[in-house]
Amino acid sequence: MKKIIACLILISITLSGCNTINNEEKLEDSKQVYINNNVRGNSVGNIINGNGRVAKQDNYIYFTNEERNDWASDANLYKINSDGTDKAKLCDDSPSDINVVGNWVYYISGGNIYKIRLDGTNKTLLNEEYSDYLQVIGNWMYYIRRPEQGEDYNIYKMKIDGTEETKLNTDFSTDINVVGDSIYYINYSDNDRIYKIGTDGSQRALVHDESVFHMIVYEDWIYYYTMNMDVLYKVRVDGTQKKIVIDKPVTSYNIKDDWIYYSTPKEEDKFQRDYIYKQKIGENSSVELGMGSVLSIVDDWIYYYYDQGEAMQLFRMKTDRTQNEQVYQDE
């Protein structure tokens, strides 16, 4: 239902646009406060588009080490210094929706939400219902979950210590974007239209009367494509001024620092494989970056998985194409 992952997963346009707090602001359940603690655990684009496989806090990258070609759950949670040193395995879980806030890494594995300390200790189960689209902001977690198999996914929030879980809506919801005091989401209960509610569950409203797919809110605009993925559109957060952004088929995309990174099949490629491009918001020309499928972005690096035979290994490429290197290697 979520996150279409292409064979060549350019996972990480983990342009992880994470805000920071200063060292006088203390997050709940923190024994130590870092100068560059995240307030937001990962960017909306990385969670929606990249399955949250890469996140960053301070100088450390937290990531899933590989994707098996047979999609077996053999990937694990690692961290590594952004310069490629000091690699450490944190746990054996196969994580998605990785968020890093304060002294904790929050993630989903097997549909359950967990947290674990930055050094890999004190792994804690926070909920046992199938959850998705986890976004950790300050002392709160926002996500969708279904109480029972076959039931609809609704939006919930819960304190980062696992208390005060609150159901925020009754719509069958997906692609949640927590932005300020609002949560934007695609409402499967109403023909995939865009809705929003407050972070307290109030003020439910229809935003845009069109069936959409793969929605990311950036600045004052909502970016999306329709089910045939032939064009990337945007519309203002009040539902006005619909515009075409990328007038070609888009298979995946992410947004960071006023740049749109997207994948589209290349006509000259006889296998019609996806290639990654970037386009400045407000402009019409694109720059080709390389072969792959956009997923996540951290700082000025695009992280992606590349097919190494038995597994998809993690690589990263500079957004200006000056460097391309493998992040993780099996020992």
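Charging the Cβ of each Asp and Glu at -1 and of each Lys and Arg at +1, and nothing else, the dipole of region 105-216 about its Cα centre rounds to 380 debye. Among 257-263, 151-157, 186-192, sorting by the average number of other beta carbon atoms lying within 10 angstrom of each residue, highest first, gives 257-263, 151-157, 186-192.
Note down the net charge around Ser211, summing +1 for each Lys or Arg and -1 for each Asp or Glu among other residues with Cβ under 14 Å from its Cβ. Counting the neighbours of Ser211, the net charge comes to -4. Backbone amide hydrogens, once placed in the peptide plane, bring Phe315 within less than 5 Å of Tyr304, Tyr305, Tyr306, Val327, excluding anything fewer than 5 places away on its chain.
Count Lys and Arg as plus one, Asp and Glu as minus one, and take only other residues whose Cβ is under 13 Å from that of Asn187; the net charge is then -4. Each semi-axis of the equivalent ellipsoid for region 104-238 is √(5λ) with λ an eigenvalue of the Cα gyration tensor; in descending order they amount to 27, 15, 15 Å. For the residue pairs Lys234/Lys256; Lys278/Lys318; Lys243/Lys318; Lys89/Lys115; Lys115/Lys196, the C-alpha atoms sit more than 20 angstrom apart in Lys243/Lys318; Lys115/Lys196. With all pairs of different C-alpha atoms in the average, the Kirkwood value for the hydrodynamic radius of region 132-183 is 11.3 Å.
Computed from the coordinates by the stated procedures, all read-outs in this text should not be read as laboratory data. Treat the numbers as computed from the prediction; the structure is a model and nothing was measured. Methodologically, a virtual Cβ is constructed for each residue, glycine included, from the backbone with ideal geometry; neighbour enumeration extends over all protein chains shown.
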